[in-house]
1. Any chance you could count how many residues in the range 52-66 are open to solvent by less than 40 Å² (accessible area, probe 1.4 Å) and at pLDDT 80 or above?
2. May I ask you to verify whether S44 is outside any strand (DSSP E or B), surrounded by 11 or more Cβ atoms within 10 Å (Cβ to Cβ), at pLDDT 70 or above and not basic (K, R)?
3. Quick check on P31: is it at pLDDT below 80 and open to solvent by less than 100 Å² (accessible area, probe 1.4 Å)?
Amino acid sequence: PTCQGEMVRELLKRNMGHKNCTSTSKIARCPSTCRSGLRRRKVSFRCSDGSSFSEEMETTVECGCT
């Protein structure tokens, strides 16, 4: 059997000087009984001044039962 990751909007925050930015990408989260793999992917952010940017970071890819 395999455990399925749940796609959630995990709010990642970045303070960029005079503006605050929050992630808009959905990230897979695994149940606590499962293990996950990581890979680098781009996460999109939207800022309080209306601007946006992407940042590469490690995020969960798959979930599997242990």
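1. Applying the first criterion (open to solvent by less than 40 Å² (accessible area, probe 1.4 Å)) to the range 52-66 yields 57, 59-60, 63-64.
Retained after the next criterion (residues that are at pLDDT 80 or above): 57.
Of the residues in the range 52-66, 1 are open to solvent by less than 40 Å² (accessible area, probe 1.4 Å) and at pLDDT 80 or above.
2. Numbers: outside any strand (DSSP E or B): no; surrounded by 11 or more Cβ atoms within 10 Å (Cβ to Cβ): yes; at pLDDT 70 or above: yes; not basic (K, R): yes.
Against the criterion (outside any strand (DSSP E or B), surrounded by 11 or more Cβ atoms within 10 Å (Cβ to Cβ), at pLDDT 70 or above and not basic (K, R)), S44 does not qualify.
3. Details: at pLDDT below 80: yes; open to solvent by less than 100 Å² (accessible area, probe 1.4 Å): yes.
In short, yes.
The values are calculated or read from the model by the stated rules, or taken from the named source; none is laboratory data. Predicted model, so just to flag it, every value in this text is computed and none were measured. Please note: Cβ atoms are built from the backbone with ideal geometry, for glycine as well, and neighbour counts cover all protein chains shown. For the accessible areas, the whole protein counts, side chains as well, though only heavy atoms, and no ligand, DNA or RNA atoms are used. Shrake-Rupley method; radii C 1.70, N 1.55, O 1.52, S 1.80 Å.
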